[in-house]
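The values are calculated or read from the model by the stated rules, or taken from the named source; none is laboratory data. The structure displayed is predicted, hence computed values, not measured ones. Every residue, glycine among them, receives a Cβ derived from its backbone with ideal geometry; neighbour counts consider all protein chains shown. SASA here: full protein model, heavy atoms, side chains in, ligands and nucleic acids out. Shrake-Rupley method; radii C 1.70, N 1.55, O 1.52, S 1.80 Å.
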Amino acid sequence: MTGCRWQHSCQAVKKAGDSPGTFLSGITQASVGCLSVYNNQADRVLVGMASAVTRMLGQISAIASSSGRNHVSARRRRSSNSNINQEEFPCYSVCVARIAIMVMLAILIGLLTLLTWHFTKVYTRTSLNSLAHGLRYELLQRPLLRMWKILNSTVEITTSQVRLSEYVIRKYGKAENQAQEIELYEVMRDVTWALFSSRKALNSMSIKYRNGFVQAFHRDLRDKNTYYIYSNLDNYTMVEPYSMNRSSPHDQGWNDQMIHGNVSAVWYREPLDPDTGRKTGKQKEIPPDELINIAGISQVPDGAASWHVAVSKFTNSPLLSAALPVWDEDRGSIVAVVGVTTALYSVGQLMKELVDLHGGHIYLTSQKGWLLATSSSTPLLRNSSSGPTLTMAEDSQDEIIQSAAKWLNKTYHDKLPLNHEVLSANAILGDQRYYIDSFFLNLTRLPMVGVLCIPRKNIMGKVDAREIKTFIILISASVCILVVGCICIFILTNGVSKEMKLRAELISHLDARRKAEASSNFKSQFLANMSHELRTPMAAVIGLLDILLCDDSLTNEQYATITQIRRCSTALLRLLNNILDISKVESGKLVLEEAEYDLGRELEGLVDMFSVQCKNRNVEAIIDLSDDMPKVVRGDSGRVVQIFANLISNSIKFTTSGYIILRGWCENLNSFSPNENFYVDQRALWSAYQKKIKRNEKKSCKNDNTMILFFEVEDTGCGIDPSKWESVFESFEQADPSTTRLHGGTGLGLCIVRTLVDKMGGEIRVVKKNGSGTLMQLYLLLNTPTDIPRESYRLKFAQHNLKVVLALNGKTSRSILSCWLLKHEVPIWEANEWNELTHVLQELFKPTYTQNLTYEPLEAEFLRKEGAKMAIFIIVIDIGMLNITTDIWKEQLNFLDAINTRAKFAWILNHDTSNTIKIELRRRGHLLMVNGPLYKTKMTHIIEAVIKESSLDQSKKNIMWTDAHATIQIDTTHTKSSNDSEIPETNSVGSSHIEETNQENFAVYGVVSNFFPELTEVGSEWGRVTSFPNDNSNSEQQVDQKVKTGQKDLEGLYILLAEDQPILQRVATMMLEQMGAKVVVVGDGVQAVEALNTQKETRYDLILMDCQMPKMDGYEATKAIRKAETESVSHIPIVALTAHAMSSDEAKCLEVGMDAYLTKPIDCKLMVSTILSLTKCRT
Amino acid sequence: MAAVSQLQRQFIEYTTSLYNEGYLDDQYTQLQKLQDESNPDFVVEVVSLFFEDSEKLLNNLATALQQKIVDYKQVDSHVHQFKGSSSSIGAQRVTNVCIHFRNFCEEKNLDGCLRCLQQLKHEYIQVRNKLEGLFRLEQQILQAGGSVPMMESICTSASTMSSSGKLSA
C-alpha cells in the first residue's frame, strides 16, 4: 500500500514536472527568437559605427551602410526561424569596417602623395621659374645693354666727331683757296681717322660737307678691310656756308637730291691699313653711295641727332646709323653732317653667344617689328628688287623667331602692354614649349623690342622629367604603403573580428544563460506554486484523516487502513515540502533564521528519531560529537537539522546492515590539528575550506566567533560510485536510477542539503572511504554567541571513581563510547552479549556476588564500610541483552538483582520495549532507563544522575532505596528535535512519572521536565521539517487522540477576527466557535483597531488578521495596533491570514509585528495549534 | 423509507460526481463538517453569501474591464477576493479560473482577462446550479424525513468508500 502510494505520488510529481518541461521548451524557442533579434541589434550598432567612421567617404559609405542594412534586415527575416547564420553577422560588419578603414587609408595615402608631389613640384617650379626668369631677364638685358652701349658709343663718337669737325672747320673754315680747303679736308680726314680707328665697332664714319664733298671711312666687315672713301674734290666748289634758316628748312639749298643729282661726282676708295690708316692700295673709283650710306643733310632736318637703322649692301646685318649736323661758328648754318654707322652684327654675335648655351633664340626688333638682330644665323635682310631691306620678324627665315613673333602678335593682337614687356612661360612654338619674354628699350629715336625664346625643355626639362619620375616613385611608394596597410588592417581586424565573434558568442551565451536562469526561476516559481497548491489539499487530507481516526466507530481494519493512508499522505506532504524547499532556495526566497540553539541536542534528537528506523533495519545509529563542539550556536536550527535529517535518512535508505555514524568536531579558524580519531582524509576538505577562507578573509576576521564545524555522515551501505560523487547533489539525481524502485525517493534530498550547506557558507562532498559505504563530509560556518564560555562544560568524571560496564549490542557505538570514557579516565568493561556480561560482572563482583547470595545483611555492612571509598559501578545494559522472546529475561533480571545494590543500572530501552518489561524493571528498582541509542550526552546524564544519586545516598543512607519507585526516563529527545508523534509520549510518560517522583529525584531530574511547556509550540512546522513516516502506530494513535482532546482547546478564548470576505468570516467563525472560542468579527482593519480601542473591559486574547482588506489592510492595522501598544505593556497576539504562502510574505507579516502566520484556506488544526501556542505563551 | 434511501443514494451520487468533476473540493467538506445542530443551515448560509459576493464581484469585474483604461490592480484585487471566497467554499473550478485570471492580470492581457471573465461567469453559474441542485436535493430528503448523509469521506479514497457507505447506512 505504501509503495503504491509512493509511486503514485512520484508519478504525480513527474507529471507535474513534464508540463513545465514542454512549457519551457516553448520559452526556449521564443528566447532563441529574441536572441537573434538581439544579435541583429548588436549588428546594426556595428554597422552604424562603421557608417559613422566612413561618413566622410560620402557615397561609398552610404552605399555600404544601406546595403548592410538591407542585408541585416534580410538576415533578420531569415533568422527569425533559424539561427544558423548567426555567426556571419559580426563577420560581415567586420568586412564593412575593414573596407571602410582600407578606403580611408587609401584616400589618406593618396592625398599625402598628391600633396607631396604637388608641393615638390610647385616649389621646384616656382624657384626654377624665378631663376629662369632671372636668367631670361639677364639674357635679354645683356644684348639690350650692348645695344645701348653701341648706341651710346655711336652717339659719343658722333658727337666728338661733330665737336672736332666744328673746331677744325672753324679753324680752317675761312679757307680762301683750294689748298686751304684741302688742308682742311686733310685735317678733317686725320681727325676722323683718329676717331674711326679708335672705335673698332664702327662700320663707317662719314662727313659730308656742304659743298657735297664727302669724306668717309669704312670698314668692310666681310673682307676685313678698311677703306677711305672720298669724293673727287674737283667737282666741288667752295660754296657759301649754308645759311640755315630754321623757319624754312625746306628751302635748304642743298640736299640729297642735289647730291644725287650730281651724278658726275666721282667717289674714290682707297684701302687703308686698319691700324695706321696709311694708304695701302690704290684708290679706286666707285660709284657714289655704292658702299655706304653717307648721312646727308636730309637726315638731320631739325639739326638734332637722328637715328635710324639702315641697310647696307655690303653687310648682311642692319646698320645703325646716326647723323649729327656740324654747325658753323655762330650756329647759324650747318657746315657739314657727320654720319656714323655701326653694324649691329656684334649684338647679334653677343646674342648668339648668350643664347647658344641655352639653345634659345633672341632677337631685337624695332617698334614696328623690323628685325634688328637675331641670335640665329639666318640673314636679317631680304634681297628685294630695291636692294636689301629689313625683314619683319614674322617673315624671318628662322622658324622659331617667326613663330614667336607670330605668337606674340596673335596673343596680344598689337595690343602689347605699354612697355612691351611680356613674360610668358608656356608658348607653344612649333612642337615645343618655349618661354617667351620681351623687353622694350625705349630710345628716343629708336625704340626697340627684344624678344627671348628659350625652349622650356632646356630649363625645365630635367625638372619635368624628374617630376614624372617623382610622381611614379611616389605613386608606387604609396601603393606599396597602401598594400602593406591593407594587409596590416586585415591582420589586425582579423584579430578584432575573431574577438568580436567571440564577444558576440559570449553575449549570446550570456543571453542564453540569462534566459535559462529566467526559465529556471520560472520553473522554481512553478514548482513552488504547484507544491503550494498541492500542499493545501494534502493538509486537508491529513486533517480529515485525523478527524476520521478520531471516529470511535471504526473497525480495527479500517483504522489500520486510515493510519496507513495518513502515513502515505504525510510522506507525500514531505515530498511536496522538499520541492517547495528546493524552489525556495533556488528562487532565493529562503531566509535563514538567526537564533541561538543547542546544536548537540538537535543532532542527538535527530539520531534518536532515526534510531527507531535503524533499529528496525538492524542498523546502528551513532552520533559522535567531540567535546569541544560549542554547545550553543547561532543559526537556523531547523535547516541544520534538515541537512542532517536528509543525510541520515539517505544513509538509512541504502544501508541494510552495519552502522550510520554522524561525527562532528570543531576547528578553530586558525589552528588545525589532524585528529587521529577520524581516519578519513580531511586534508581535501580542509584545503578547500582554506581556499574559501582566503577569499573572504576580511569577513571571517570581522567575525571572530565564527566556528567551522566539520561533520561526517558515514554509513556501511551500498556506497556511491566515484563518478557520481558530484552529480548526486544535483536535483532529481540519484546515484543509481534503479534505486528508485528499490528505495523510493526523488533525489531531492541531497540537492536540498547542498543548497542549504552552501547557504550556510559551508561545503559538502563525498569522500573516499575504506570499505563499503558512503562517507559524506561537510563543514558549516556557524556563529557562536560570544558570551558563552566554551569550555565550561568540561566533564570531570575521574574524581568520582567511576567504573562503567558497557553492555551494548552495537559494536561501533560501544567502542566510540568506551574510547570517549577512557579519554575521561573512566575505567570501562565492555560486553557484547549476555554471557559476556555475566562473565564481566562475575569478574567484577566476585566477592560480593557470593556474599550477596548467601548473606544479605553483610552487604549493608559492606556498604557502610566501604562507604565513600567504594567505586561507583555503572552498568549500562541494552534491553536487547535480555532474551525477551522467552521468559528467560526474568531469570536474567534476577541475576542482575543480585548486584543491584552494588552498582547502578542504566537500561537502554528500545522504542518497542514493552510496558511489562518496563514495569518489571521499575518494580525491581531499576529506575534509570534511557531510550536508545546511547550517546555521549546521555551517558553524561546517566553518570551525573548516578553521581548525584550516590551523593544523596551518602547523606540519606539507605532510606530512599526501598520506596523510590519512580522511574526516571532521561529523555533527551528534547523539544525541538522531536517530531510531533513523540510529543504525547514524552508528555504523558514524563508527567505521569514526575508526579510520582519524590522531591529529591525531582530535584535531580528536574531538568528533564522543563521542556514540556514548549512542546505545544512545535506544531506542524516541525512536522514539515523533520517528520518522517513513523512505523510506530502507537504514536499515530496518540496524535489522533491529541487532536481529539484538542477539540475544545480554545475554550474561553476571546478572539477578534478581522476579515472582509463574508464567506471566510463565516467559515473561520464557525471553526473557532466549534473549538469553543468566542469570536468577534470585523470587516476591515479600521474596525479592528476601533474594536480594540473601545472594548477595553473584555480583552481579546488574539486577533486573526486578514492581510488584504479594504480601507486598511492587515499590515497597516497591525502596525497601528502595535503602535498603540507601545504605550501600555500589553501585547496582543496577532495571527496573519493570507493567501500567499511564500516566506517573504511571512517575513513581511512578522516585520509589521504579527506573531504568526496562517495560509488560506484555513487549516483547522494548524490554526488551533498556532492559537494555542500564542495564547499559552502569554498565560 | 425507500423513497428516502433512494433520495439519499441520489444525493450521494450527485455529490460524488460534483467532487469527481472538480466542482467542489475538500474545503466544502470542511464546511459541511462545521455544520451542526446549533447551525443547521451553515453551509447554505455560507454558500448563499458566496453567491451574493460572487455576483457583486462579477459585476465589478465586468465594469472594470469595460473601462477605457483598465485598472489591472483593481481587477486583480477583485479576482483575488473571488479566489479567496471561492476557495473558502471549495468551488475548485472557480478558484482555478481565478488563478489563470490573475496571471493574465499580471501580464495586463486584456483579451485573456475578458476570456477569463467569461469563463469565470460560466463556472460560477455552473457551480451555482450544481449547488442549488444539491440544496434542493437536501431539502427533499429533509422533507421526506430522512437525514442528509455525511459527505466527508466521499472525497477521500476508494478504501474509505466502504466505511462511508457503512456510516451512511
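Points worth noting:
- When A:Thr916, A:Thr192 are compared by accessible area at a 1.4 angstrom probe, the order from most to least is A:Thr916, A:Thr192.
- A 1.4 Å probe run over the stretch A:914-954, with the rest of the protein chains in place, finds 35 Å² accessible per residue.
- Cβ-derived FRET efficiency at R0 30 Å, A:Asn494 paired with A:Ala518, nearest 0.05: 0.25
- Placing a label point 7 Å from the Cα of A:Glu138 along the Cα-to-Cβ direction, the residues of the stretch A:337-358 whose backbone N falls under 14 Å from that point are A:354-358.
- Probe 1.4 Å, all protein chains present, accessible-area order of A:Cys568, A:Cys480, largest first: A:Cys480, A:Cys568
- A:Gln283 versus A:Asp628: modelled label distance in nm, points set 7 Å from Cα along the beta carbon direction: 16.1
- Rounded accessible area of B:Arg9 (nearest 10 Å², 1.4 Å probe): 140
- Residue order for A:Tyr268, A:Tyr779, A:Tyr123, A:Tyr412 - accessible surface, 1.4 angstrom probe, largest first: A:Tyr123, A:Tyr412, A:Tyr268, A:Tyr779
- For A:Cys488, the accessible surface of its heavy atoms amounts to roughly 60 Å² (probe 1.4 Å, protein chains only, rounded to the nearest 10).
- Inter-chain shielding of B:82-95 (mean C-beta neighbours from other protein chains, 10 Å cut-off): 4
- Percent carbon-and-sulfur accessible area, the stretch A:441-519, ignoring ligands, DNA and RNA, probe 1.4 Å: 70
- Set of the stretch A:890-923 residues, backbone N closer than 17 Å to the point 7 Å along the Cα-Cβ line of A:Glu833: A:892
- Inter-label distance for A:Ala595 and A:Glu891, nm, one decimal - labels placed 7 Å from Cα along Cα-to-Cβ: 5.3
- Look at the stretch A:1065-1072: the mean tally of other chain Cβ atoms within 10 Å of its residues' Cβ atoms is 6.
- As a rough guide to protection, the peptides A:98-111, A:1073-1086 ranked by mean Cβ packing within 10 Å, highest first, stand as A:1073-1086, A:98-111.
- Put a dot 7 Å past the Cα of A:Glu399, heading toward its Cβ, do the same for A:Lys149, and the two dots end up 3.4 nm apart.
- Chains B and A together bury roughly 2600 Å² of accessible area, counting both sides, with a 1.4 Å probe on protein heavy atoms only.
- Here the calculated FRET efficiency for A:Thr159 and A:Thr411, from their Cβ-Cβ distance with R0 = 45 Å, stands at 0.65, rounded to the nearest 0.05.
- Note on A:542-548: average number of Cβ atoms from other chains within 10 Å of each residue's Cβ is 4.
- Carbon and sulfur %, accessible surface of the stretch B:78-124 computed with the full protein complex present, 1.4 Å: 45
- Computed with a 1.4 Å probe over protein heavy atoms only, the accessible area of A:Phe873 comes to about 20 Å².
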